[in-house]
Amino acid sequence: GGVDTLETQIGQVSATTTAATLVAGGTPAEPAPQIDKRYGLGRAAHPEEIAAWDVDILPDGRGLPEGSGDVWTGEEVYVDYCASCHGDFAEGVDNWPVLAGGFDTLGNKDPVKTVGSYWPYLSTVWDYVHRSMPFGAAGTLTVDETYAIVAYLLYSNDMVDDDFVLSRETFTDVQMHNADGFVVDDRAEAEYAEWRAEPCMENCKDTVEITMRSVFLVETPPEGGSNSVMNPAKVEGLPSFTAEGPSFIPVAAPKAAEAPAPETAEVAAASDGDALLEHGEKVFRKCSACHAVGDGARNKVGPHLNGIMGRTMGSVEGFKYSDGFADANAEGKVWTTEEMVAFLAKPKSYMKGTKMVFAGLKKDEDLEAITAYLASFSE
Amino acid sequence: GPDPLITELQDWTSYTGVGVDETPYGMPISFESHVVRRNVEWLTASPISSINFTPIHALEGTITPQGCAFERHHSGAIELAKPDYRLMINGLVDQPLVFTYDDLERFPRENHVYFCECAANTGMEWAGAQLNGVQFTHGMIHNMEYTGVPLRILLNEAGADMSADKWVYVEGADASSNGRSIPMEKALDDVLVAFKANGEALRMEHGYPVRLVVPGWEGNMWVKWLRRIEVTDMAVESREETSKYTDVLEDGTARKWTWEMDAKSVITSPSPQMPIKHGAGPLVISGLAWSGHGKIARVDVSKDGGITWETARLGKQGDTKALTRFYLDMEWDGAPMLLQSRAMDDTGYVQPTKEQLREKRGENSVYHNNCIQTWYVNSQGIAENVEVS
């Protein structure tokens with residue numbers, strides 16, 4: 001049969017593979033690719049291509065194009081393109097970034113990090129506005145519009161006067177407030193040196209108290225996403241811990257014997273028409289070895305089921321029915337929902353002598369779904 | 001009595017199942033439909049510039065399936081087809097070059113498993129225990145096997161100036177034009193220009209068709225939809241390396257260029273989304289550990305909030321800059337526990353407590369929070385995100 005043939009074929013294929021492996025056997029992993037070789041791949045970049053993509057601005061101003069913009073032009077452009085998210089006064093709308101103010105907050109809880117209070121380089125502002133803003137239409141601002149917007153942002157942060165004109169020439173005149181506010185990563189000295197030590201394993205503390213509980217509980221609905229709700233629970237009443245264990249056991253754990261029985265899977269109840277049909281399609285898998293339905297369905301072990309709902313029983317052409325269905329056909333009995341549900345619940349009782357080898361569907365939701373599913377296919 | 005699942009003939013034992021090709025590209029079985037990435041809506045202004053979280057509570061082993069690996073976009077995930085893909089190398093090079101996608105597949109390639117962690121992972125916890133779920137506290141991480149061309153091969157192809165004081169600026173093709181500066185030493189070390197993950201093409205949300213892989217360094221540098229590599233004589237100091245991804249310390253100064261992700265670990269089960277349902281008796285404590293500096297050498301677990309520690313069993317020996325699974329197989333007597341894990345890497349670095357981190361940095365850093373996490377497990381087996389003294 002087909003299975004035997006397949007197995008023979010697989011056997012042949014594995015024999016070939018084994019032989020190949022033996023030939024190559026013992027070859028160690030290749031060394032890492034050589035660096036000093038050129039492969040001659042790629043092509044020379046055109047100057048126009050480099051000009052189009054290489055638009056980043058370096059901290060010293062290299063890369064800035066010819067052009068200029070003043071504070072008041074900047075305000076107009078800003079209101080048109082930026083204010084809907086960042087606010088008329090760069091104060092930020094909703095969760096969108098605040099662009100101005102926040103001076104002297106960096107050492108506070110929740111520092112306000114703005115272009116004025118935090119950004120160390122003016123080049124970053126120009127570069128980001130020019131390349132990445134406005135959000136949803138990046139790269140559409142002209143050079144002069146960019147100069148103007150940046151001039152307005154500087155003015156909003158009290159860094160220039162209202163007659164200021166930003167250009168490649170005036171760029172280096174601007175002093176950013178937080179230019180000296182950064183240190184290069186010093187974790188190696190400040191932290192690693194101290195934290196590379198054999199850690200404590202026993203009696204590392206005397207007592208441990210729970211000082212804070214989760215602020216939010218998070219629900220994870222089946223459709224995805226999450227809902228976070230405030231956690232009303234308090235730390236009071238929780239045990240503390242010592243080397244002896246917890247100070248008390250609030251509620252005894254269930255013993256293994258009392259633990260709830262393992263759950264069995266439940267079929268989700270069909271909630272709407274689509275879900276009902278989807279569920280019906282799944283239930284139909286029990287029928288599909290013998291019956292076909294849908295485009296091009298033909299008789300198999302059982303008759304095809306296109307248009308079965310509302311049709312006279314035993315009426316599919318070319319199918320040889322049992323005597324019971326032949327009689328039902330002669331009587332003019334029709335497949336209504338009620339008849340179908342009764343049949344599929346207990347086929348052998350409903351129709352004595354039916355050739356259909358099927359025990360029946362036990363669940364009402366399965367019966368509802370399969371009839372709805374079958375009804376969705378016309379002749 | 002006897003279990004009807006055994007004594008009665010079941011549908012699945014009697015009726016035929018689904019044929020081949022029912023779903024030409026398979027999806028997880030419906031019973032696992034809860035194992036998905038999830039976002040927290042109020043965290044960001046718009047889902048287009050946002051993040052979601054890997055369901056690490058429900059995964060095992062170390063490899064993250066692409067379909068549930070966290071997403072972080074600054075201007076949304078874009079559809080960029082391979083025929084439309086171009087990669088430019090310019091700046092301090094002998095010959096500026098443009099590669100097509102097909103060109104990249106003709107360079108020698110390597111395969112490596114690396115973790116990618118967002119610098120903001122666990123960032124909310126600076127302010128104390130916040131969201132109740134390891135997916136939300138630690139889910140900005142994934143771990144995949146990448147296939148790609150070593151960046152040094154492409155730099156060499158263009159005749160780049162590879163002296164140690166040079167930088168490589170990398171930039172994406174999406175509307176955020178995210179760009180980061182990488183010092184030459186790192187660029188020549190282990191950075192990959194990757195086009196496959198876990199054996200298949202990258203997903204759109206992870207930078208299809210080509211992303212940068214910067215092993216051990218913060219996820220923001222793993223530029224997606226990589227379109228340009230520029231050799232420069234200084235750091236560009238782009239928005240993402242100045243106004244973001246810098247760490248404000250207690251005195252208001254900030255650390256910059258904090259690229260490495262320090263050693264970190266967390267217990268994924270039991271955890272708030274994975275309560276103990278079986279009562280007292282044998283219990284498997286399972287967790288993840290990683291270090292951007294090298295391999296995980298050891299993980300210790302405490303059941304009493306850090307008074308006593310015992311060394312956990314590693315699922316297998318740690319790989320460099322990749323997730324390592326650890327286990328503690330225990331008999332649970334049903335008493336409450338304060339579960340913690342503490343990772344050590346092969347540099348000898350020991351994962352710090354929240355207290356140690358706050359002492360050094362204050363509470364406003366946002367990024368690079370690699371503190372020891374505590375779960376309070378009550379006697380019913382329910383776990384909660386807590387802070388301890």
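The values are calculated or read from the model by the stated rules, or taken from the named source; none is laboratory data. Being a predicted model, the structure only gives us computed values, none of them experimental. Cβ sites come from the backbone with ideal geometry, for glycine too, and all protein chains shown count toward neighbours. When the accessible area is computed, the model is the full protein with side chains, heavy atoms only, and any ligands, DNA or RNA have been set aside. Shrake-Rupley method; radii C 1.70, N 1.55, O 1.52, S 1.80 Å.
Filtered by the rule that a residue be surrounded by 11 or more Cβ atoms within 10 Å (Cβ to Cβ) and over 42 Å from the mean Cα position of the chain (by Cα), the range A:174-208 gives a lone residue, A:V174.
Taken as a whole, the structure places A:E223 among residues that are exposed (fewer than 12 other Cβ atoms within 10 Å of the Cβ), farther than 17 Å from B:L339 by Cα and either in contact (Cβ under 8 Å) with a residue 24 or more places away in the chain or more than 7 Å from every other protein chain (Cβ to nearest Cβ) (or both). Tell me, which residue of the range B:234-281 that is among the aromatic types (F, W, Y) and surrounded by fewer than 24 Cβ atoms within 10 Å (Cβ to Cβ) is farthest from B:K166 (Cα to Cα)? Applying the filter and picking the extreme gives B:W259. B:F195 passes every criterion in (1) surrounded by fewer than 24 Cβ atoms within 10 Å (Cβ to Cβ); (2) in contact with a helix residue (DSSP H, G or I) (Cβ under 7 Å, 6 or more places away or on another chain); (3) within 12 Å of another protein chain (Cβ to nearest Cβ); (4) at negative phi apart from (3). The number of residues in the range A:133-149 being within 8 Å of another protein chain (Cβ to nearest Cβ) and either of a type in the set (F, W, Y) or assigned to a helix (DSSP H, G or I) (or both) comes to 1.
Return the residue satisfying two criteria in turn: it lies in the range B:142-192 and is of a type in the set (K, R) and farther than 18 Å from A:D54 by Cβ, and of such residues it is nearest to the other protein chains (Cβ to nearest Cβ). Among those that are of a type in the set (K, R) and farther than 18 Å from A:D54 by Cβ, it is B:R152. So in the range B:75-98, with the set limited to residues that are assigned to a loop (DSSP other than H, G, I, E, B) and facing chain A (nearest Cβ under 8 Å), which one is most open to solvent (accessible area, probe 1.4 Å)? Here the residue is B:Q95.
Step by step: first the residues of the range B:24-43, then only those that are surrounded by fewer than 10 Cβ atoms within 10 Å (Cβ to Cβ) and more than 8 Å from chain A (Cβ to nearest Cβ), then the one that is farthest from A:W96 (Cα to Cα). Which residue is that? Here the answer is B:P24. For the range A:143-159, the set of residues classified as open to solvent by 20 Å² or more (accessible area, probe 1.4 Å) and closer than 16 Å to A:E75 by Cβ consists of A:D144, A:E145, A:Y155, A:S156, A:D158, A:M159, listed by residue number.
Residues of the range B:212-219 include none that is over 20 Å from the mean Cα position of the chain (by Cα), crowded, with 24+ Cβ neighbours inside 10 Å, modelled with pLDDT of 95 or more and within 14 Å of chain A (Cβ to nearest Cβ). Restricting B:D345, B:D319, B:D300 to those that are under 24 Å from A:A243 (Cβ atoms) and in contact (Cβ under 8 Å) with a residue 40 or more places away in the chain reduces the list to B:D300. Scanning the range B:125-135 for residues that are more than 9 Å from chain A (Cβ to nearest Cβ) and either open to solvent by 10 Å² or more (accessible area, probe 1.4 Å) or under 15 Å from B:S365 (Cβ atoms) (or both) yields B:E125, B:W126. Scanning the range B:41-66 for residues being modelled with pLDDT of 95 or more and part of a loop (DSSP other than H, G, I, E, B) gives a total of 10.
Checked against the criteria, A:T211 counts as among the β-branched types (V, I, T), open to solvent by 30 Å² or more (accessible area, probe 1.4 Å), within 35 Å of the chain's Cα centre (by Cα) and within 14 Å of chain B (Cβ to nearest Cβ). For the range B:103-123, a residue qualifies if it is outside any loop (DSSP other than H, G, I, E, B), more than 9 Å from chain A (Cβ to nearest Cβ) and not small (G, A, S), and the qualifying residues are B:N111, B:H112, B:V113, B:Y114, B:F115, B:C116, B:E117.
Within the bounds of the range A:246-265, is there any residue that is under 28 Å from B:C68 (Cα atoms), modelled with pLDDT under 90, in contact with a Phe, Trp or Tyr (Cβ under 9 Å, 6 or more places away or on another chain) and in a loop (DSSP other than H, G, I, E, B)? There is at least one residue in the range A:246-265 that is under 28 Å from B:C68 (Cα atoms), modelled with pLDDT under 90, in contact with a Phe, Trp or Tyr (Cβ under 9 Å, 6 or more places away or on another chain) and in a loop (DSSP other than H, G, I, E, B).
Considering only residues that are charged (D, E, K, R) and over 44 Å from the mean Cα position of the chain (by Cα), look in the range A:339-379 and name the one that is least open to solvent (accessible area, probe 1.4 Å). Result: A:E339. Within the range B:374-389, the residues that satisfy the criterion of being in a loop (DSSP other than H, G, I, E, B) and open to solvent by less than 10 Å² (accessible area, probe 1.4 Å) are B:S379, B:G381.
Taking the criterion of being open to solvent by 50 Å² or more (accessible area, probe 1.4 Å) and under 30 Å from the mean Cα position of the chain (by Cα), the residues of the range A:113-138 that qualify are A:K113, A:F135, A:G136. Hey, could you check the range B:348-363 for residues that are surrounded by fewer than 17 Cβ atoms within 10 Å (Cβ to Cβ) and facing another protein chain (nearest Cβ under 8 Å) and say which is nearest to B:A254 (Cα to Cα)? Among them, the one singled out is B:K360. If you check A:F377, A:F284 for being closer than 30 Å to B:E32 by Cβ and at pLDDT 90 or above, only one passes: A:F284.
In this structure, B:R255 does satisfy being of a type in the set (K, R), closer than 14 Å to B:Y367 by Cα and part of a strand (DSSP E or B). Exactly one condition in (1) within 10 Å of chain A (Cβ to nearest Cβ); (2) free of Cβ contacts under 8 Å to residues at least 12 places away in the same chain is not met by B:D333; state its number. Condition (2) is where B:D333 drops out. From the residues in the range B:138-183 that are basic (K, R) and touching a strand residue (DSSP E or B) at 6+ places or on another chain (Cβ under 8 Å), which one is surrounded by the fewest Cβ atoms within 10 Å (Cβ to Cβ)? Out of the qualifying residues, it is B:K166. Here the range B:364-389 is the region considered, the condition is being more than 10 Å from every other protein chain (Cβ to nearest Cβ) and among the hydroxyl-bearing types (S, T, Y), and the residue that is farthest from B:W126 (Cα to Cα) is B:Y367. One residue alone among B:S49, B:S30 is of a type in the set (S, T, Y) and either assigned by TED's automatic domain parsing to the domain that holds B:R211 or touching a strand residue (DSSP E or B) at 6+ places or on another chain (Cβ under 8 Å) (or both), and that residue is B:S49.
Can B:T324 be described as at the interface with chain A (Cβ under 8 Å from one of its Cβ atoms) and not basic (K, R)? So B:T324 does not fit the description; no.
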